[in-house]
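A.B. asks: Before we start, here is the structure in question, set down as structure tokens.
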Amino acid sequence: MMEKVDAIIIGAGVVGLAIAARLSNKLNNVLIIDKNAGFGEETSSRNSEVIHAGIYYPQHSLKAKLCVQGKEKLYQYCKDRGIPHQRLGKLLVAHGEEEEQCLAKTIKQAALNDVNDLVWLTADELKKSNPALHATAALLSPSTGIIDSHRYMQALLAEIEHNNGQFVGKTTFIKADNNNDGFVVTLNSQDEIMQLHCDYLINSGGLHSNKVAENISDLKKSHIPTLYYCRGHYFSYQGRSPFTQLIYPLPEAHGLGIHASLDIGGQLKFGPDTQYIDDIDYEVSPLLKAKFVAAIQRYYPSLDSERLQPAYSGIRPKLEGPNDGFKDFVIQSEKVHGLKGLVNLFGIDSPGLTSSLAIAEYVDERLAI
């Protein structure tokens, strides 16, 4: 007899862990696997660790809806479980009349997404509260914050294990064959080939989600989108931070611009930029420093470039290519692809961390367990 589990979640990033935690409260035997030895070793541990407010995304998009819902769920989860976090707030800064008009439009867009707490700050108000900051105006987003993402993922895993679920690392998904009562899933676990039967199969493979989907039998290729790798680099800043809040320029085409963020320990870092790449590679070239200095000095003119050092990079799985406009999260269930018990998640980039608990609820609702 083949061993049977209720659900297999492929990919133990923050979203996979959140889905597994949610399902483990309903199912007796939830298995989450990852090809890496530990959880969250890719996109989930290589980001800004920011809890986003949900300001910019188009109205009614999944990114807008799940970010706004997920933000409050995440703050409550952190509070309930003692996960380090802070509602620092962020300042979205403008330089000159044209950018200030963009701020005015941002207030309207935020309101469409039920984010109604933005506060307009004048140049004089900013000089008093943030003397190191250069801007003619800014929007304060008080519900933006930061989180210790590793501790958050540890808490999700603890919930999974408390509910008799299990995480297994160094385990690669090979294929899944659909049969009348679920899926036969073939795995390579530390060079041992094994097969498990499951009722529910969740593809939360992040950067590899399209490759996972290609190996699910009976899933039409038309349901598998093209995925692009977009690398973002971060530079750390040595010494005390001049800011107590997050500082953001106006958003760019494929990201939120090179912003200033703080981690839970108070370390200041700048990034990410956006660079489309063909292969997974986490190099941070020192040659990027000049670009970073120029971008940062727009809002922090007294930057000491000697204190700016290359730190790390992360890669986002994007559905939009370099010349494309906005693309939403894609979360496909049976209603889309016709395979009962299967959910595919594609293009879960920012605000995936913020949205993670709301994504888990969304997946749960579509499985209708």
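A.B. asks: If I stretch the segment between residue 364 and residue 280 completely, what's the gain in nm (0.36 nm per residue apart, minus their alpha carbon distance), one decimal?
C.D. replies: Numbers: separation 84, 0.36 × 84 = 30.24 nm, distance 3.06 nm.
My answer for the length gained is 27.2 nm.
A.B. asks: For the pairs 220/318; 26/318; 26/335; 35/65; 79/128, flag any whose C-alpha to C-alpha distance is greater than 24 Å. Each step should come with its number before you reach the end.
C.D. replies: Working: 220/318 21 Å; 26/318 31 Å; 26/335 22 Å; 35/65 31 Å; 79/128 31 Å.
Result: 26/318; 35/65; 79/128 exceed 24 Å.
A.B. asks: Ok, one more. To the nearest 10 degrees, how steep is helix 352-367 against the longest Cα principal axis of the chain, on a 0 to 90 scale?
C.D. replies: 30
A.B. asks: Let me ask you something else. Can you list the chymotrypsin sites (Phe, Trp or Tyr not before Pro) in segment 292-369 that are in a DSSP coil and have 13 or fewer other beta carbons within 10 angstrom? Each step should come with its number before you reach the end.
C.D. replies: Working: sites: 292, 299, 312, 326, 329, 346, 362; in loops: 299, 326, 329.
Passing sites in segment 292-369 are 326.
A.B. asks: If R₀ is 25 angstrom, what is the calculated FRET efficiency for the pair residue 108 and residue 87, using the beta carbon separation as r and rounding to 0.05? Write out the running numbers ahead of the final one.
C.D. replies: Details: r = 24 Å, r/R0 = 0.94.
That gives a FRET efficiency of 0.60.
A.B. asks: I would also like to ask the following. For residue 231, what charge total do you get from the other residues with a beta carbon under 9 Å from its beta carbon, if Lys and Arg give +1 and Asp and Glu give -1? Each step should come with its number before you reach the end.
C.D. replies: On the way: positive: 316; negative: 273, 281, 283.
Net of charged neighbours comes to -2.
A.B. asks: Just need the relative contact order of the chain here, percent rounded to a whole number, with Cα pairs under 8 Å and 6+ apart. List each step's numbers first, then the result.
C.D. replies: Working: 822 pairs, mean separation 89.2, N = 369.
Once normalised by length, the contact order is 24 percent.
A.B. asks: Turning to a different aspect of this structure: If we sort 120-133, 239-252 on the protection proxy, mean other Cβ atoms within 10 Å, highest first, what's the order?
C.D. replies: Details: 120-133: 14.5, 239-252: 16.5.
In decreasing order of mean packing, 120-133, 239-252 become 239-252, 120-133.
A.B. asks: Using the crude model of +1 on Lys and Arg Cβ and -1 on Asp and Glu Cβ, and no other charge, please compute the dipole size for segment 73-164 relative to its Cα centre, in debye to 20. Walk me through the numbers before you get to the answer.
C.D. replies: Values: 10 positive and 12 negative charges, 51 e Å.
Using Cβ point charges on Lys, Arg, Asp and Glu, segment 73-164 gives about 240 debye.
A.B. asks: Using the basic label-point model (7 angstrom from Cα toward the beta carbon), what is the residue 72 to residue 122 distance in nanometres?
C.D. replies: Result for the modelled spin labels: 3.4 nm.
A.B. asks: When we measure straight from the Cα of residue 127, which lysines land under 24 angstrom away, once same-chain ones fewer than 8 places off are left out?
C.D. replies: 90, 105, 269
A.B. asks: Leaving out ligands, DNA and RNA, what percent of the accessible area of the chain is carbon and sulfur, probe 1.4 Å?
C.D. replies: The value for the chain is 48 percent carbon and sulfur by accessible area.
A.B. asks: Only helical DSSP H runs with n ≥ 4 go in: add -39500 (n - 2.57) per run for the chain, normalise by residue count and round the 222 nm mean residue ellipticity to 500 deg cm²/dmol. Mind showing how you got there, number by number?
C.D. replies: Details: 9 runs with 103 residues, N = 369.
When only DSSP H runs of four or more count, the value is -8500 deg cm²/dmol.
A.B. asks: Averaged per residue, what accessible area in Å² does the chain show with a 1.4 Å probe, protein chains only? Walk me through the numbers before you get to the answer.
C.D. replies: On the way: 16070 Å² over 369 residues.
The answer is 44 Å² per residue.
The values are calculated or read from the model by the stated rules, or taken from the named source; none is laboratory data. Please read all numbers here as calculations on a predicted model, not as lab measurements. Cβ atoms come from the backbone with ideal geometry, glycine included; neighbour counts cover every protein chain shown. Heavy atoms of the whole protein, side chains included, go into the accessibility calculation; ligands, DNA and RNA do not. Shrake-Rupley method; radii C 1.70, N 1.55, O 1.52, S 1.80 Å.
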